[in-house]
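Structure first, commentary second.
Readers should treat all values here as calculations from the given coordinates under stated rules, not as data from a laboratory. Quick caveat: nothing in here was measured; it's all calculated off a predicted structure. Note that each Cβ is placed from the backbone with ideal geometry, even for glycine, and that neighbours are counted across all protein chains shown.
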Amino acid sequence: MRSIFASMILLIGLVANAQEVKLISVESLDNMIAENGDQVRVYNFWASWCGPCVKEMPYFEEVNSAKQAEVIFVSLDFPEDLEKAQKLISKKGIQSETYLLNSTNYDEYIPKISEAWSGAIPATLFVSPSGKKYFYEKAFEKNELVQVVKSLSSK
């Protein structure tokens, strides 16, 4: 009984501290990606209805929590589904910056992220400290994600 109670308290704490999902325009996202940083930045594109996206979220969150990279989650749910995205982020206890792209015009934002992107998710854009971009249209396993981040940290 005590362990159930302790688990509930822990879960409530995680949910209460989850990141707020904020709407972001294509232009603001583009500007954010263009900024230089002192560490690898990881933009993970996902949606609440995408099973592989949801499965890999804890791996990205671990990388962010360990300060191996700055992770930014970008939801591609419809803007009217902001609450659905927020519930998922809260349920997962996500602390990383989280946005919902305020656009359904795929032709506008897909080529700005990467010319190689077909639009499929999950998709991830890595930006090295020097500003070089690396795009992956796939789901990541934890070890693979950590390796990519480590390899880009020195670039």
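List of remarks:
- Exposed GluC sites (Glu not before Pro) absent: longest stretch of the chain, with sites in DSSP loops and at most 13 other Cβ within 10 Å deemed exposed: 36-114
- Globularity ratio of region 22-153, using Cα Rg and 2.2 N^0.38 Å: 0.96
- Mean residue ellipticity at 222 nm, helices only, the chain: -14000 deg cm²/dmol; runs of at least 4 DSSP H residues each add -39,500 (n - 2.57), and the sum is divided by the number of residues.
- Between 0 and 90°, nearest 10: helix 82-92 axis offset from the chain longest Cα axis: 60
- Angle in degrees between helix 51-65 and the longest Cα principal axis of the chain, rounded to the nearest 10: 90
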